[in-house]
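The block underneath contains the structure these notes are about, expressed in C-alpha coordinates.
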Amino acid sequence: MAYEEPKNVLISSEEIQLRVRELAQEIERDYAADAQLHLISVLKGAFIFLGDLVRSMNRQVSLDFMAVSSYGKSTTSSGEVRVLKDLDSGLEGRNVIIVEDIVDTGLTLAYLQEILHARSPKSLKTACLLSKPSRRVVDVKVDYIGFTIEDRFVVGYGLDYAEQYRNLPYLATLD
Ligand code: 5GP
(Lines give C-alpha, C1' and ligand atoms only; values in the text may rest on other atoms or scores of the structure.)
Protein backbone atom coordinates (compact mmCIF):
# COMPACT_ATOMS: atom_id res chain seq x y z
CA MET A 1 0.00 0.00 0.00
CA ALA A 2 1.33 3.45 -0.88
CA TYR A 3 2.50 5.63 1.95
CA GLU A 4 0.15 8.46 2.80
CA GLU A 5 1.04 11.30 5.10
CA PRO A 6 -1.60 12.31 7.64
CA LYS A 7 -3.09 15.57 6.38
CA ASN A 8 -4.78 16.82 9.54
CA VAL A 9 -2.02 19.07 10.82
CA LEU A 10 -2.63 19.94 14.46
CA ILE A 11 0.56 21.85 15.16
CA SER A 12 2.90 22.95 12.37
CA SER A 13 6.63 22.42 12.33
CA GLU A 14 7.19 26.20 12.68
CA GLU A 15 4.95 26.41 15.76
CA ILE A 16 6.72 23.46 17.35
CA GLN A 17 10.18 24.89 16.70
CA LEU A 18 9.21 28.23 18.20
CA ARG A 19 7.65 26.69 21.28
CA VAL A 20 10.53 24.28 21.91
CA ARG A 21 12.98 27.20 21.83
CA GLU A 22 10.78 29.06 24.32
CA LEU A 23 10.66 26.00 26.58
CA ALA A 24 14.46 25.72 26.51
CA GLN A 25 14.70 29.37 27.59
CA GLU A 26 12.11 28.87 30.36
CA ILE A 27 14.05 25.89 31.67
CA GLU A 28 17.40 27.68 31.52
CA ARG A 29 16.00 30.68 33.42
CA ASP A 30 14.99 28.40 36.31
CA TYR A 31 18.51 27.14 37.03
CA ALA A 32 21.70 28.90 38.05
CA ALA A 33 23.87 29.75 35.05
CA ASP A 34 26.52 27.22 36.06
CA ALA A 35 24.09 24.40 36.93
CA GLN A 36 24.53 21.26 34.88
CA LEU A 37 21.31 19.68 33.68
CA HIS A 38 20.78 15.95 33.29
CA LEU A 39 17.98 15.22 30.84
CA ILE A 40 16.28 11.85 30.93
CA SER A 41 14.18 10.89 28.01
CA VAL A 42 11.67 8.11 27.71
CA LEU A 43 12.06 6.14 24.52
CA LYS A 44 10.94 6.35 21.89
CA GLY A 45 8.35 9.11 21.50
CA ALA A 46 10.38 11.95 23.04
CA PHE A 47 13.54 11.53 20.97
CA ILE A 48 12.92 14.38 18.52
CA PHE A 49 11.64 16.74 21.22
CA LEU A 50 14.75 15.98 23.26
CA GLY A 51 17.01 16.57 20.25
CA ASP A 52 15.52 19.98 19.49
CA LEU A 53 15.35 20.96 23.17
CA VAL A 54 19.03 20.29 23.90
CA ARG A 55 20.13 22.06 20.74
CA SER A 56 18.41 25.19 22.06
CA MET A 57 20.26 25.01 25.37
CA ASN A 58 23.39 26.94 25.96
CA ARG A 59 25.03 25.17 28.88
CA GLN A 60 26.42 21.82 30.00
CA VAL A 61 23.84 19.10 29.57
CA SER A 62 24.08 15.35 29.81
CA LEU A 63 21.55 12.81 28.57
CA ASP A 64 20.29 9.41 29.51
CA PHE A 65 17.50 7.19 28.26
CA MET A 66 14.92 4.85 29.70
CA ALA A 67 12.50 2.51 28.03
CA VAL A 68 9.29 1.52 29.77
CA SER A 69 6.18 -0.44 28.97
CA SER A 70 2.88 -0.17 30.75
CA TYR A 71 1.05 -3.23 31.95
CA GLY A 72 -2.48 -3.42 30.53
CA LYS A 73 -2.99 0.31 30.57
CA SER A 74 -6.48 -0.02 29.18
CA THR A 75 -7.72 -2.41 31.84
CA THR A 76 -6.08 -1.14 35.00
CA SER A 77 -5.38 2.20 36.58
CA SER A 78 -2.61 0.88 38.76
CA GLY A 79 -0.06 2.74 36.65
CA GLU A 80 2.37 -0.10 37.00
CA VAL A 81 5.17 0.34 34.53
CA ARG A 82 7.87 -2.13 33.62
CA VAL A 83 11.35 -0.74 33.09
CA LEU A 84 12.71 -2.30 29.87
CA LYS A 85 15.91 -0.25 29.79
CA ASP A 86 17.20 1.48 32.88
CA LEU A 87 19.47 4.51 33.07
CA ASP A 88 23.22 4.15 32.54
CA SER A 89 24.19 6.28 35.53
CA GLY A 90 22.91 7.32 38.96
CA LEU A 91 21.06 10.53 39.76
CA GLU A 92 22.38 11.46 43.17
CA GLY A 93 22.98 15.20 43.52
CA ARG A 94 22.04 15.95 39.89
CA ASN A 95 19.54 18.42 38.43
CA VAL A 96 17.33 15.99 36.58
CA ILE A 97 14.68 16.83 34.02
CA ILE A 98 12.40 14.12 32.66
CA VAL A 99 11.64 14.80 29.00
CA GLU A 100 8.41 13.16 27.83
CA ASP A 101 6.43 13.31 24.62
CA ILE A 102 2.91 13.45 26.03
CA VAL A 103 1.15 13.22 29.35
CA ASP A 104 -2.20 11.54 28.90
CA THR A 105 -3.61 9.72 31.96
CA GLY A 106 -0.41 10.66 33.81
CA LEU A 107 0.15 7.11 35.05
CA THR A 108 3.47 6.56 33.27
CA LEU A 109 4.86 9.88 34.39
CA ALA A 110 3.69 9.54 38.00
CA TYR A 111 5.46 6.19 38.22
CA LEU A 112 8.64 7.52 36.62
CA GLN A 113 8.74 10.52 38.94
CA GLU A 114 8.37 8.20 41.91
CA ILE A 115 11.18 5.83 40.97
CA LEU A 116 13.55 8.62 39.89
CA HIS A 117 12.85 10.66 43.02
CA ALA A 118 13.93 7.63 45.06
CA ARG A 119 17.40 7.91 43.45
CA SER A 120 18.07 11.19 45.32
CA PRO A 121 18.52 13.78 42.58
CA LYS A 122 19.29 17.33 43.72
CA SER A 123 16.17 18.44 41.84
CA LEU A 124 13.62 16.68 39.66
CA LYS A 125 11.45 18.43 37.09
CA THR A 126 9.44 17.32 34.09
CA ALA A 127 9.06 18.74 30.60
CA CYS A 128 6.33 17.40 28.29
CA LEU A 129 5.78 18.47 24.73
CA LEU A 130 2.05 17.76 24.92
CA SER A 131 -0.60 17.44 27.60
CA LYS A 132 -4.14 16.11 27.38
CA PRO A 133 -5.62 17.32 30.69
CA SER A 134 -9.09 15.91 29.99
CA ARG A 135 -7.65 12.38 30.13
CA ARG A 136 -5.84 12.72 33.46
CA VAL A 137 -6.36 9.92 35.99
CA VAL A 138 -3.66 10.94 38.46
CA ASP A 139 -2.70 14.44 39.45
CA VAL A 140 0.88 14.58 38.21
CA LYS A 141 3.06 17.68 38.27
CA VAL A 142 4.47 18.79 34.93
CA ASP A 143 6.75 21.83 35.20
CA TYR A 144 7.03 22.64 31.49
CA ILE A 145 4.32 21.95 28.91
CA GLY A 146 4.72 22.68 25.21
CA PHE A 147 1.10 22.52 24.12
CA THR A 148 -2.17 21.62 25.81
CA ILE A 149 -4.40 19.67 23.42
CA GLU A 150 -7.85 18.09 23.26
CA ASP A 151 -8.36 14.36 23.58
CA ARG A 152 -7.18 13.43 20.08
CA PHE A 153 -4.70 10.76 19.02
CA VAL A 154 -1.67 12.55 17.65
CA VAL A 155 1.30 11.39 15.59
CA GLY A 156 4.46 12.96 14.25
CA TYR A 157 7.47 14.73 15.75
CA GLY A 158 8.54 11.48 17.42
CA LEU A 159 5.06 10.14 18.20
CA ASP A 160 3.92 7.02 16.40
CA TYR A 161 0.99 4.94 15.40
CA ALA A 162 2.20 1.32 15.12
CA GLU A 163 5.78 2.64 14.74
CA GLN A 164 4.81 4.85 11.81
CA TYR A 165 4.86 8.63 11.39
CA ARG A 166 7.59 9.41 13.94
CA ASN A 167 9.52 11.23 11.20
CA LEU A 168 6.88 13.85 10.43
CA PRO A 169 8.19 17.32 11.32
CA TYR A 170 4.69 18.38 12.42
CA LEU A 171 1.97 16.95 14.70
CA ALA A 172 -1.13 15.52 13.06
CA THR A 173 -4.32 13.88 14.29
CA LEU A 174 -5.34 10.44 13.11
CA ASP A 175 -8.87 10.20 14.49
P1 5GP B 1 -0.07 7.98 30.14
O2 5GP B 1 0.57 7.06 31.10
O3 5GP B 1 0.08 9.45 30.50
O4 5GP B 1 -1.50 7.63 29.89
O5 5GP B 1 0.58 7.66 28.76
C6 5GP B 1 1.56 8.39 28.18
C7 5GP B 1 2.05 7.63 26.96
O8 5GP B 1 0.97 7.18 26.13
C9 5GP B 1 2.85 8.58 26.09
O10 5GP B 1 4.21 8.59 26.49
C11 5GP B 1 2.64 7.98 24.71
O12 5GP B 1 3.56 6.96 24.48
C13 5GP B 1 1.24 7.37 24.76
N14 5GP B 1 0.25 8.30 24.19
C15 5GP B 1 -0.73 8.94 24.84
N16 5GP B 1 -1.45 9.71 24.01
C17 5GP B 1 -0.92 9.55 22.78
C18 5GP B 1 -1.23 10.11 21.47
O19 5GP B 1 -2.14 10.92 21.26
N20 5GP B 1 -0.43 9.70 20.44
C21 5GP B 1 0.60 8.82 20.62
N22 5GP B 1 1.31 8.50 19.54
N23 5GP B 1 0.92 8.29 21.82
C24 5GP B 1 0.17 8.65 22.89
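Has the stretch 82-97 got any residue that is within 26 Å of I11 (Cα to Cα) and not in a helix (DSSP H, G or I)? The answer is yes; a qualifying residue exists.
Considering only residues that are within 11 Å of the chain's Cα centre (by Cα) and in contact (Cβ under 8 Å) with a residue 60 or more places away in the chain, look in the stretch 89-107 and name the one that is nearest to the ligand (Cβ to nearest atom). Applying the filter and picking the extreme gives V99.
Taking the condition within 12 Å of the ligand (Cβ to nearest atom), in a loop (DSSP other than H, G, I, E, B) and modelled with pLDDT of 95 or more, does V155 pass?
Numbers: within 12 Å of the ligand (Cβ to nearest atom): yes; in a loop (DSSP other than H, G, I, E, B): no; modelled with pLDDT of 95 or more: yes.
So V155 fails the test.
Taking the residues in the stretch 5-50 that are of a type in the set (G, A, S) and over 16 Å from L130 (Cβ atoms) as candidates, determine which candidate is nearest to the chain's Cα centre (by Cα). Taking the candidates together, the pick is A24.
Restricting the search to the stretch 128-141, which residues are assigned to a loop (DSSP other than H, G, I, E, B) and within 10 Å of the ligand (Cβ to nearest atom)?
Kept after step one, since they are assigned to a loop (DSSP other than H, G, I, E, B), are these residues of the stretch 128-141: 132, 136-141.
Scanning the stretch 128-141 gives K132, R136, V137, V138, V140.
May I ask you to verify whether F47 is surrounded by fewer than 18 Cβ atoms within 10 Å (Cβ to Cβ), within 26 Å of F153 (Cβ to Cβ) and at pLDDT 95 or above? Answer is yes for this residue.
Within the stretch 158-172, the set of residues being part of a strand (DSSP E or B) and near the ligand (Cβ under 8 Å from one of its atoms) comprises L159, Y161. Here is the figure for the stretch 123-172: residues that are farther than 25 Å from H38 by Cβ and buried (at least 17 other Cβ atoms within 10 Å of the Cβ) total 10.
The values are calculated or read from the model by the stated rules, or taken from the named source; none is laboratory data. What you see is a predicted model; the values in this text were computed from it and never measured. Don't worry about glycine lacking a Cβ; one is built from the backbone with ideal geometry, like all the others, and counts go over all protein chains shown.
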